[in-house]
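Single-structure report; data block below.
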Amino acid sequence: QVQLVESGGGLVQPGGSLRLSCAASGGTFGHYAVGWFRQAPGKEREEISCISSSEATTYYTDSMKGRFTISRDNAKNMVYLQMNALKPDDTAVYYCASSWSCQVPFDYWGQGTQVTVSS
């Protein structure tokens, strides 16, 4: 099965930036779509963005456009989420997940990485 590991989270001040990484193993990485999600305490998980496989088409939740950017490097089996202009409301556990398409349920999930935005 595909295994995903997130990294890059931590404490950042409001207005700061972080780049999260999602490292994949197993399967053929270039054939999978990868999405980023987040979940804050007491709130439902929400999708941030997804990037497709071969064409690397990107999709964003409207509220995330402009501040967050998803990218992938298939040669390194990596997907990234660049986060800029971070706000306290961005504090959450961030997850990456994979499937064969951005339009179907995600089958494989990482363990998550904590992002805390605070002064």
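Within segment 15-64, the set of residues being within 15 Å of the chain's Cα centre (by Cα) and part of a loop (DSSP other than H, G, I, E, B) comprises Ser17, Tyr32, Ala40, Arg45, Ser52, Ser53, Ala56, Thr57, Thr61.
Sort out which residues of segment 1-43 are within 13 Å of Arg72 (Cβ to Cβ) and among the β-branched types (Val, Ile, Thr), and write them in order of number. Residue satisfying the conditions is Val34 alone. What are the residues in segment 46-63 that are loosely packed, with under 12 Cβ neighbours inside 10 Å and in contact (Cβ under 8 Å) with a residue 24 or more places away in the chain, if any? Hits for segment 46-63 are Ser54, Thr57.
The number of residues in segment 90-101 being modelled with pLDDT of 95 or more, open to solvent by 10 Å² or more (accessible area, probe 1.4 Å) and not in a strand (DSSP E or B) comes to 1. Considering only residues in segment 4-40 that are farther than 12 Å from Gly112 by Cα and among the polar types (S, T, N, Q), the one that is most open to solvent (accessible area, probe 1.4 Å) turns out to be Gln13. Residues in segment 66-87 include at least one that is under 16 Å from Arg19 (Cβ atoms), in a loop (DSSP other than H, G, I, E, B) and open to solvent by less than 20 Å² (accessible area, probe 1.4 Å).
The values are calculated or read from the model by the stated rules, or taken from the named source; none is laboratory data. Computed from a predicted structure; not experimentally measured. Glycine gets a Cβ as well: all are built from the backbone with ideal geometry, and neighbour counts include every protein chain shown. Remember, those area values only see protein heavy atoms, side chains included, never the ligands or the DNA or RNA. Shrake-Rupley method; radii C 1.70, N 1.55, O 1.52, S 1.80 Å.
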